[in-house]
1. Between segment 39-104 and segment 110-146, what's the alpha-carbon centroid distance in Å?
2. What is the Cα coordinate range of the chain on the first, second and third principal axes, sorted by size from largest, in whole angstrom?
3. If we sort 198-207, 111-120 on the protection proxy, mean other Cβ atoms within 10 Å, highest first, what's the order?
4. For segment 73-162, which GluC sites (Glu not before Pro) are in a loop by DSSP, counting at most 16 other Cβ atoms within 10 Å?
5. For segment 48-201, what is Rg from Cα atoms divided by 2.2 N^0.38 Å, rounded to two decimals?
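Where a number appears in this text, it was derived from the coordinates with a stated rule and is not lab data. Quick caveat, the model's predicted, so the values are computed rather than measured. Here Cβ is always computed from backbone atoms with ideal geometry, including for glycine, and neighbour counts include all displayed protein chains.
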Amino acid sequence: MGPAWSFSGERAMAIGTALPYRRGMTAIRNIVILTGAGISAESGLATFRGPDGLWEGHRVEDVCTPQALRRDRALVQCFYDQRRAALNTVVPNAAHRALARLDREWPGDLLIVTQNVDDLHERAGATRLLHMHGELNSALCEGCGGRMRWTGSLGDSPSCPACQAPRLRPDIVFFGEVPYAMERIEAALARADLFVSIGTSGAVYPAAGFVQVAHHNGAATLELNLDRSDGSGMFDESRLGPASVLVPRWVDEVLGS
Ligand code: APR
């Protein structure tokens with residue numbers, strides 16, 4: 001049995017809060033949402049852990065580690081150039097749009113933490129958003145450490161606009177590197193009343209551990225995923241199905257419409 005989620009406007013007004021989405025007797029104010037590749041799957045972007053265990057035909061360790069970049073820089077640059085170019089062929093789906101609506105309309109704190117390196121959340125209109133694993137449309141200079149918006153190719157070794165060194169790499173957090181914005185994420189998890197995980201297999205830490213951190217801090221926890229993830233048992237409630245159906249339905253519930 002899941003927790004008693006409810007929209008109960010009258011009761012909420014009676015106890016003097018403008019936030020009608022509740023868990024039992026507790027009004028929910030601060031929401032942290034973690035998204036993974038599953039939310040972009042219905043836009044046409046491949047998830048990381050498909051049935052063949054490959055990401056777009058490659059082993060993750062061949063394209064997504066610092067060692068891979070040192071060993072075969074051309075392969076890694078070409079791989080991410082293709083992923084970046086592929087962004088032009090996809091559009092946000094109903095799940096991205098629903099979260100953008102929640103971002104616009106939710107009066108309490110909200111933080112969308114995405115593991116995705118695509119730009120579909122922001123193209124749908126989300127603003128309270130962090131890319132913890134970096135972004136395809138960004139380059140990182142190994143010379144000066146600068147990060148800059150980059151929508152073209154990196155395979156032809158362009159110079160860094162800041163320091164002129166021809167040492168730009170994809171601004172992607174590779175395995176073994178530290179995700180971005182961990183302090184902000186931890187602070188949001190410490191204050192969260194509700195943690196929601198959407199479309200992620202729960203296979204990669206630290207993101208896979210957010211549910212435990214949030215639970216430990218007293219938050220309710222909800223998973224929306226196509227199938228049971230590695231960490232399903234840690235959530236108060238798991239709803240199974242496609243994100244394009246589950247997320248808009250859940251956002252309607254939260255906003256009471
Ligand atoms: N709706 C909801 N969930 C879906 C859908 C869908 N339409 N399609 C797939 N999923 C689910 C899968 O069932 C799976 O549990 O999304 C999850 C995707 O899992 P992964 O491919 O492992 O992606 P993710 O969890 O985002 O990977 C985490 O691993 O390789 C690294 O850095 C990379 O950010 C990535 C991290």
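1. Segment 39-104 and segment 110-146 have Cα centres separated by 12 Å.
2. 62, 39, 33 Å, listed from the longest principal axis down.
3. Details: 198-207: 19.4, 111-120: 24.1.
Top to bottom by mean Cβ count within 10 Å: 111-120, 198-207.
4. 142
5. Dividing the Cα Rg of segment 48-201 by 2.2 N^0.38 Å gives 1.11.
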